[in-house]
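Q: Dumping the structure here so I can ask a few things about it.
The values are calculated or read from the model by the stated rules, or taken from the named source; none is laboratory data. All values reported here derive from a predicted model rather than from experimental measurement. So basically every Cβ, Gly included, is an ideal-geometry build from the backbone, and we count neighbours across all protein chains shown. Note: accessible area is taken over every heavy atom of the protein model, side chains too, but ligands, DNA and RNA are not part of it. Shrake-Rupley method; radii C 1.70, N 1.55, O 1.52, S 1.80 Å.
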There are 2 protein chains.
Amino acid sequence: MVFVSSIRRAIQQRSRLFLPTPVHLPRESKSNSQSLLQEAAIVHSVEHGFPQLLPLGVRVLTKLKKVIRFEMNAVGGQELSLPAIGRRNMWEASDRWNLMHNELFKFKDHNEEYCLSPTHEEAITKLVSSVCKSVARSNYPLLLYQITWKYRNEPNYRHGLLRTKEFLMKDLYSFHRSEECAQQVYEQVCDAYERIFQKLELKCFKVPADSGLMGGSLNHEFLGISPVGEDTVLTCSTCGRGSLTNKPQCEHTEKVEQRAIELGHCFLLGDRYTKAFDAIEGSSDVTEDKKPLIMGCYGIGLTRLMAAAVEILTPRGSSDIRWPRRIVPYQVAILPPKKGSPEEANGNKQTLGRLLQLDNNEWFVDDRTELTIGYRLKDCQKMGVPIVITFGKRATKQNLCEVIDVYNNRTEYLSYEDTLKFIQDYYSVFC
Amino acid sequence: MVFVSSIRRAIQQRSRLFLPTPVHLPRESKSNSQSLLQEAAIVHSVEHGFPQLLPLGVRVLTKLKKVIRFEMNAVGGQELSLPAIGRRNMWEASDRWNLMHNELFKFKDHNEEYCLSPTHEEAITKLVSSVCKSVARSNYPLLLYQITWKYRNEPNYRHGLLRTKEFLMKDLYSFHRSEECAQQVYEQVCDAYERIFQKLELKCFKVPADSGLMGGSLNHEFLGISPVGEDTVLTCSTCGRGSLTNKPQCEHTEKVEQRAIELGHCFLLGDRYTKAFDAIEGSSDVTEDKKPLIMGCYGIGLTRLMAAAVEILTPRGSSDIRWPRRIVPYQVAILPPKKGSPEEANGNKQTLGRLLQLDNNEWFVDDRTELTIGYRLKDCQKMGVPIVITFGKRATKQNLCEVIDVYNNRTEYLSYEDTLKFIQDYYSVFC
């Protein structure tokens, strides 16, 4: 253990990380992500549709939240937090207590009936309604969002995180004094969604869709191609657009039919909810007739997106997760030589020591030096670590670091300084 | 608006922030924090025991999470995420399905019975039990925590965020191969708790307490003095220790009785849960008799702590929130001169322009220049902004910034450079 004696608290040790050997492995799942995420100890299980995320999974979600918050704040979104529990009379005001009956988990306490909210149009509109008389014009367009766990009584839960009863969702709601402004913000949020999926290296199709129980005049789904998806998308070989089978977007005839996963959904809701809750443009500086505000809502399921990204990016048949690089659990792993190997005895010590001194939350050292480099490298690949630094024969001889760019299947032999530069360049793109 | 024309996206504008005039103000609440938090638009309401947090409240919670995560990680905690919904058979294994019947929100779907979890001893022990055979020795002591919303069917919800049906809680669980190790970690986590409260500028008393339905051999509450608290603490004038009335900690006789709020609670649980779920020290490198693991659990309610801090730090009768400085919604507010005032016309422009160019998420500019400086300053004080930078007559004349240290009721006249230095010094302590 000579190599790891200088490890600072800041660098995390693989031997201390809670990465238990998986249990409850799904049998013959059609979903690639479900088994990959469980085998790499990202997710413990999604038994009965309720996800249990292990520490690596929480790291992924934390980064995904950051990517999404950045774009929501950039379009003027302000984050708040509404309760998961909603009262019956609120859900009756929009008639969804009945309309969504089968999807709602309902229960009572001593006096009242409640449900667990799968979405928050009612709660946010009620909130805005209660204060709209004092909201100044300068507050419009008003964009409010939250990232919270939602609940749906989903009998068809399946494919691990792709369809669950409990799921983490970002839901943004926008309120407007005019249809025109609502349209404009709708486009801006759709653009923000495209930037999010682009940052996550996911090709996606924006397609007009059905509004279902949500209501409203206009809505788009964002779809990512995957055989495990539950939607069918037609992609046009001529203009490249995608569409749902019943909603063609172009006149061309040559189209490819593929399965796709819904990654996000935007709705222009009109006054469906603002009318029900009497949310009007009521600020005292408005003297005209007071009309219901125009509303939009925009959702991304984070737990689903995390699994969908793995589903889409990981080649079929591969047992190594391929992440969007912005949300990998760790960016860099350092593998010191095996205990008793010639590489341990000869050199490296100083370079390795310097690497391990770096105060970096994105690196870990696989200090299980009783295992071969090869075994530990495979382990890193399984969980999708994009950069692995190790010290094989050649690197040791030349006093260099062996820097493995896992996703591009490329190895470089670099000095300590060039290794840092390599990683800095990588970070400037993906962190 | 000449002064605010150069505002970059990075600096947030008061006129755009969602700070609605409060509604649902509590009538004759004994709780100081409840009305203060609602009046400053930190919390929208806690109607029926379900908190609705406005954007400023989410900012406070985000910072509070950061303080707590730092200390949990420092003692070796790893963050995971368990579902809020728990199945009946799991809760029956510990007998708490019945024991906690009155506190649990219970419901059914098509096949099963569930509850909303107020705490996760069952879920975490079941998880550890399912993998303990493959957990290596190097993983112990195993410390796992989460920061998630919890649910309790609380008929006596009251005092705003202090006692709610839905609350955000950090719950840490520790698993040990020996009683001795459990004791040691118990002390370390208690110390981490004291550091957390110290960072939050809260004087607290660590007192032995009753274990209630949690079980276990040893436990301590962390109490903060406040008339709205539901515990009674005796503080000893001689040795300074605190104790609950039925659990004296010293032999001295001169004691002061005060009301106190529970800020945190630590339990050494022994094998109460690990026995029920068969969580044993089962790694293959252990050959001795396999015993149930020894367990500890440690909770801090974040929504309660946020309100308790306001309750404790804000002087009675004051209408200005006093926050722990690490968790204020914004650290700095900039107030440009009133429109049409001599201060607007004369100078300041360049200094103000430079301040507004600073890319800082912790500052906002109160751009409502139709209002007087005095009015806007009062508004900042109400929400507890610790540093306000403005430009009165004297500052304008001398081409300086007027830097108001709100919490210390002190004003300094500083050059642009010294203003930045002042804030940097402040940050080095509190950010």
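Q: Can you show me the helix-derived [θ] at 222 nm for the protein assembly as shown, built from DSSP H runs with n ≥ 4 at -39,500 (n - 2.57) apiece and divided by the number of residues, rounded to the nearest 500.
A: -9000 deg cm²/dmol
Q: Can you send over the solvent-accessible area of A:Lys291, 1.4 Å probe, protein chains only, in Å² to the nearest 10?
A: The value for A:Lys291 is about 120 Å².
Q: Another question, then. Ignoring ligands, DNA and RNA, what accessible area per residue does chain B give at 1.4 Å, in Å²?
A: Spelled out: the 1.4 Å probe surface of chain B, per residue, equals 41 Å².
Q: Can I ask one more? For segment A:72-150, with equal point scatterers placed on the C-alpha atoms only and solvent neglected, what are the log10 I(q)/I(0) values from the Debye formula at q = 0.21 1/Å, to two decimals?
A: Debye output, listed in q order: -1.01.
Q: Indicate the gyration tensor shape class of segment B:45-191 (rounded, prolate or oblate), computed on the Cα atoms with a ≥ b ≥ c the square roots of the eigenvalues: a/c under 1.5 is rounded; otherwise a/b larger than b/c is prolate and the rest oblate.
A: oblate
Q: To the nearest 10 square angstrom, how much accessible area does B:Ile423 have with a 1.4 angstrom probe?
A: About 10 Å², ignoring ligands and nucleic acids.
Q: Just to be sure I understand: with springs between alpha-carbon atoms less than 10 Å apart, which residue in A:Asn361, A:Asn219, A:Asn111 has the highest mean-square fluctuation in the Gaussian network model of chain A?
A: A:Asn111
Q: Please state, to two decimals, what the Cα-based radius of gyration of segment B:32-313 comes to when divided by 2.2 N^0.38 Å (N = residues).
A: My calculation over the Cα atoms of segment B:32-313 gives 1.03.
Q: Put a point 7 Å out from Cα along the line to Cβ at A:Ser415; what are the distances to that point in the other copies, in nm, shortest first?
A: Reported distances to equivalent positions: 4.2 nm.
Q: If you put +1 on each Lys and Arg Cβ and -1 on each Asp and Glu Cβ, how big is the dipole of the protein assembly as shown around its Cα centre, in Debye rounded to 20?
A: 1040
Q: Which Cβ of chain A lies nearest the axis of the rotation superposing A onto B, and at what whole-Å distance?
A: Axis-proximal residue of A, distance in whole Å: A:Phe107, 2.
Q: Over the Cα atoms of segment B:116-228, compute the convex hull volume and normalise it per residue, giving Å³.
A: About 138 Å³ per residue, rounded to a whole number.
Q: Same structure, new question: Tell me the angle of helix A:302-313 to the major Cα principal axis of chain A, expressed in degrees between 0 and 90 and rounded to the nearest ten.
A: 50
Q: Here is a follow-up. Once the label point is set 7 Å along the Cα-to-beta-carbon vector, what list of distances in nm do you get between A:Ser134 and its counterparts in the other copies?
A: 5.6
Q: Taking chain B as a Gaussian network, Cα atoms linked when under 10 Å apart, which of B:Pro329, B:Pro141, B:Pro83 shows the biggest mean-square fluctuation?
A: B:Pro83
Q: Highest GNM mean-square fluctuation, chain A, Cα pairs closer than 10 Å: which of A:Ala345, A:Ala307, A:Ala333?
A: Its mean-square fluctuation being the largest, the pick is A:Ala345.
Q: Give me the one-decimal Kirkwood hydrodynamic radius in Å for segment B:210-336, with the sum taken over alpha-carbon pairs.
A: Over segment B:210-336, the inverse of the mean reciprocal pair distance is 18.1 Å.
Q: Further question: What does the accessible area of A:Phe430 come to, in Å² to the nearest 10, when a probe of 1.4 Å is used?
A: Answer for A:Phe430: close to 40 Å² accessible.
Q: Where does helix B:121-131 land angle-wise versus the long Cα axis of chain B, in degrees 0 to 90, nearest 10?
A: Helix B:121-131 sits at roughly 70 degrees to that axis.
Q: Using only the Cα atoms of segment A:304-382, construct the convex hull and provide its projected area averaged over every direction, in square nanometres to one decimal.
A: 6.4
Q: Between helix A:55-74 and chain A, what is the angle of the helix's C-alpha long axis to the longest principal axis, kept within 0 to 90° and rounded to the nearest 10?
A: Once rounded, the angle reads 50 degrees.
Q: Continuing with this model, one more query. Carbon and sulfur: what percent of segment A:154-210's accessible surface (1.4 Å probe)?
A: After summing per-atom areas, the C and S share lands at 43 percent.
Q: Could you check the simple spin-label distance between B:Tyr375 and B:Arg316, using points 7 Å along Cα→Cβ, in nm with one decimal?
A: My value for the distance between the label points is 3.4 nm.
Q: Can you tell me the dipole magnitude for segment A:90-166 around its Cα centre, using point charges on the Cβ only (Lys, Arg +1; Asp, Glu -1), in Debye to the nearest 20?
A: Result for segment A:90-166 is approximately 280 debye, rounded to the nearest 20.
Q: Share of Cα-Cα pairs in the protein assembly as shown beyond 36 Å, in percent?
A: Every Cα pair in the protein assembly as shown considered, those over 36 Å come to 52 percent.
Q: Sticking with this structure for a sec: At 7 angstrom along the Cα-to-beta-carbon line, where would the label on A:Glu370 sit relative to the other copies? Give the distances in nm, shortest first.
A: With the label placed 7 Å along Cα→Cβ, A:Glu370 yields 7.4 nm.
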